[in-house]
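Values in this text are rule-based calculations from the coordinates and carry no lab data. Because the structure is a prediction, the values reported are computed rather than measured. In this analysis, Cβ positions are derived from the backbone assuming ideal geometry, glycine residues included, and neighbour counts consider all displayed protein chains.
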Amino acid sequence: MSISWLDDIRTQAKNQFEKTGFPASNLEDWRYTNVSAIAKKEFSVAKFVEDVDFDAVESGSAFHFVFVDGYFREELSNLPESITICSINDALKNHANLLQSKFNQAIQQSHGFIDFNTANFTDGLFVHIPKNTILEKPLQIIHIATQAAILPTRHVVILEANAKAELIEMFVSPEKYAYLTNSVSEIFVGENADLTLYKVQQEGENAYHFGGTYVQQADNARFTHHNFALGSLLARSDIVSDLETAAECELNGLYLGSKNQHLDNLTRINHLQPNGISREFYKGILNDQAKGVFQGRIVVAENAQKIDSQMNNRNLLLSNEAEIDTKPQLEIYADDVKCAHGVTVGQLDEKSIFYLQSRGIDEETAKHILTFAFANEMVDRVTFEPLKVQLAALLAVRYPMD
Amino acid sequence: MLKIKDLTVNVGTKEILKGLNLEVNAGEIHAIMGPNGAGKSTLSHVLSGKSGYEVTGGSITYNGKNLLEMPAEIRAREGVFLAFQYPVEIAGVTNVYLLKAALNAVRKHKGLSEVDAMDFLTLVKAKTKALEMDEKFLYRAVNEGFSGGEKKRNEILQMAMLEPQLCILDETDSGLDIDALRIVADGVNALRAENRSFIMVTHYQRLLDYIKPDFVHVLADGKIVKSGGAELALELEEKGYGWLEQA
């Protein structure tokens, strides 16, 4: 399908990518994460495969939108009838004007992964929640990877004024070989609308993952994100939100690294107008030789007075070889604001371990109990109960307590 | 039940216990009193298996076994319980979870099956009520945001659930107002039994008004310098510790 406005954007992105490639580590936002291994893999873009070895996901408490290798699979999905939730390819046909008005509009600053995505996306998700409408059940977006290839998908989510929705992005793979997920989402939360977005990244152990979420929050819009980075060999997550007047943004994150995993989380909250509220809380647990990165920046523009903003990053380093690079930044150009940030990096508390031992619990189990508790604080913030249960079960497998 | 013989303990290079002897039989209540810095807390910690203490000599035999060879959790499973002077706050772990995990660890050690969930709840609620604690405490994180009195009651709740054989109360009266002291003492008295012994480590005689000891020992400069019956505590209350240290 050739659509001239899109072809122009894609050609431009392709040219840009050919010039720069994937981001180099001399760029400030990429200094802790070297992605040169990805280019060396010489992946090509995934092909559509007819037969997939998956059963349709059990419908029940959520709607489902399933991708296999970056292609929407309607036969595995389960979607509401009255609200527009379709593939981006369908949207190009049936919602062309709306899509064109939003496409590429939430991304203020591009880089190699986004350019590559724009030039090469195979498919994606398009959601349009009309004014004053509530999506009755959460929409679970499941990305299943089965090929050693690049899986680029592009998503546009639009909530009109006073709309409300919950989305859950899941990234999974039954395979152990290398592939690259490249998922870029543009999200538009309208006036007084409310979006909760969960991301559960459980890619295969040799996978590479780039996920970028770029959000525009209109006046009084609320955006809540929960970012669980569990899988993959190397993962980078970008979350960037631009807030208009009195918009509220809450970013929660949990990254659990073991073996030689590398998990990089970059967030930007841009308060463009007054009276906004932002809360950011990221926690990390790193075992073995794993490396975590937290780069959180909150920017308060000159006229954005009365901003109330807090950012926290807490880390547990459970091995001498594990590493965390944490860089919280406040960039404040207004003079009447309330902003705070804090970082901790530490080990498990010896006194707590002994207290549990003194009650009959062996040392290893005591450590698991304390580690589970540290991580579970983020799982407890999940308001969709089936997901909370699922995540708590994942933690219990990592940190067995029996 | 417990026999401590010529125990010497260092913290770093400093000798804290300097040849301590103590014998506790089943069903007895012993009070260990003494001035600050005498080594009272060191004794509690060494009995419970806390690290950071180097035993340089002597022995501790518990039910015929060498207590010093056991890691802390094994001591707990064998029935040694320390009620902490400063109970630790543990974020994210609820009281009810800890009680169940601890009870099951002890039961497993004894070759018993895990406690039935309903039986457990019935039991824990009854014990909570007996200590005049709100049930809501069960679902709060261990000691987090508890007042001094609530923390001490929580220690006694754990003790009541685990039904240990040797209970060590480390300065349990410190930081308690008179009402909380009475509740804690009632909780302890309710646990008195023929096969259960208590070691109460305390600076003040106050607790002994509520929990009457069979024996009182004065610990000064790392040794038991005087032993007697309950009346010795009253004498100490009157005269202080000075006369013993000079002796």
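General observations
- Note that the stretch A:4-349 shows a convex hull volume over its alpha carbon atoms of 138 Å³ per residue.
- The stretch B:169-211 versus the stretch B:121-141: alpha-carbon centroid distance in Å: 20
- Measuring max minus min along each principal axis, the C-alpha atoms of the protein assembly as shown give extents of 101, 53, 48 Å (largest first).
- Extension gain, A:E377 back to A:D349 (0.36 nm per residue minus Cα-Cα distance, nm): 8.4 nm
- Applying the Karplus relation 6.51 cos²θ - 1.76 cosθ + 1.60 with θ = phi - 60° to the stretch A:205-210 yields 3J(HN,Hα) values of 5, 10, 7, 10, 9, 10 Hz, where x marks Gly and Pro.
- Per-residue 3J(HN,Hα) values for the stretch A:177-185, derived from phi via the Karplus relation 6.51 cos²θ - 1.76 cosθ + 1.60 with θ = phi - 60°, read 7, 6, 7, 10, 7, 9, 10, 10, 10 Hz in sequence order (x marks Gly and Pro).
- Phi-based couplings in Hz for the stretch A:231-237 (Karplus 6.51, -1.76, 1.60; Gly and Pro marked x): x, 6, 7, 9, 9, 10, 10
- Taking other residues whose beta carbon is less than 14 angstrom from the beta carbon of A:A235, and scoring Lys, Arg as +1 and Asp, Glu as -1, yields -1.
- Cut-off under 5 Å, modelled amide H: who pairs with A:H143 long-range: A:F67, A:M170, A:F171, A:V172
- Comparing A:L195, A:L27, A:L79 in a Gaussian network model of chain A, where Cα atoms under 10 Å apart are tied by springs, the biggest mean-square fluctuation is seen for A:L27.
- C-alpha center-to-center spacing [the stretch A:344-402, the stretch A:74-150] in angstrom: 36
- Between B:T13 and A:I134, the modelled label-to-label distance comes to 7.1 nm, taking each label 7 Å out from Cα in the direction of the beta carbon.
- Listed residue pairs exceeding 25 Å between alpha carbons, taken from B:K65/B:K223; A:K259/B:K100; A:K283/A:K327; A:K338/A:K388; A:K164/A:K388: A:K259/B:K100; A:K338/A:K388
- Close amide-amide hydrogen proximity is noted between A:L251 and A:H225, A:R279, A:E280, A:F281, each under 5 Å apart and 5 or more residues distant or on a separate chain (H modeled in the peptide plane; Pro and chain starts excluded).
- Computed from Cα atoms, the angle from the helix B:148-162 axis to the main principal axis of chain B rounds to 80 degrees.
- Reachable lysines from B:K226, criterion Cα separation under 20 angstrom, eight or more residues apart if same chain: B:K3, B:K5, B:K18, B:K40, B:K212, B:K239
- For chain A, built as a Gaussian network whose Cα springs stay under 10 Å, the top-fluctuating residue of A:L234, A:L263, A:L391: A:L391
- The C-alpha atoms of chain B define a longest principal axis, and helix B:95-109 lies at about 70 degrees to it.
- Label-to-label distance for B:K239 and B:E54 is 3.7 nm, based on points extended 7 Å past Cα in the beta-carbon direction.
- If the chain linking A:N94 and A:K176 were pulled fully straight, counting 0.36 nm for each residue of separation and taking away their Cα-Cα distance, it would gain 25.7 nm.
- Note on B:K65, B:K50: ascending count of other Cβ atoms within 10 Å places them as B:K65, B:K50, the fewest first.
- Semi-axis lengths, largest first, of the ellipsoid equivalent to the stretch A:1-137 are 30, 20, 16 Å, with √(5λ) applied to each eigenvalue of the Cα gyration tensor.
- Counting every C-alpha pair in chain B, the share spaced more than 24 angstrom apart comes to 46%.
- Label-zone membership for the stretch A:142-173, site A:S44, 7 angstrom Cα→C-beta point, backbone N under 20 Å: A:145-153
- Sites B:L191 and A:D288 - FRET efficiency at Förster radius 41 Å, r taken between beta-carbons, to 0.05: 0.35
- Normalised size of the stretch A:195-320, defined as Cα radius of gyration per 2.2 N^0.38 Å with N residues, equals 1.11.
- Global geometry of the stretch A:350-402, whether rounded, prolate or oblate, following the gyration tensor of its Cα atoms and the 1.5 cut on a/c: prolate
- Ordering A:F372, A:G360, A:L391 by Cα displacement along the dipole of the stretch A:350-402 toward the positive end leaves A:L391 in first place; charges were set at the Cβ atoms of Lys, Arg (+1) and Asp, Glu (-1).
- Choice from A:S352, A:S61, A:S36 with maximal GNM fluctuation in chain A (Cα, 10 Å cutoff): A:S352
- Beta bridges per DSSP with both ends in the stretch A:4-349, % antiparallel, nearest 5: 5
- What separates the Cα centres of the stretch A:159-188 and the stretch A:289-323 is a distance of 22 Å.
- The relative contact order of the stretch B:2-246 comes to 29 percent, based on Cα pairs under 8 Å that sit 6 or more residues apart.
- Set of lysines near A:K351 by C-alpha distance (under 18 Å), chain-local residues within fewer than 8 positions excluded: A:K367, B:K50, B:K151, B:K152
- Set of the stretch B:192-224 residues, backbone N closer than 12 Å to the point 7 Å along the Cα-Cβ line of B:A130: B:192-193
- The H on the amide N of A:N265, modeled in the peptide plane, is under 5 Å from the matching H of A:S237, A:V293, A:F294, A:Q295, each at least 5 residues off or on a different chain.
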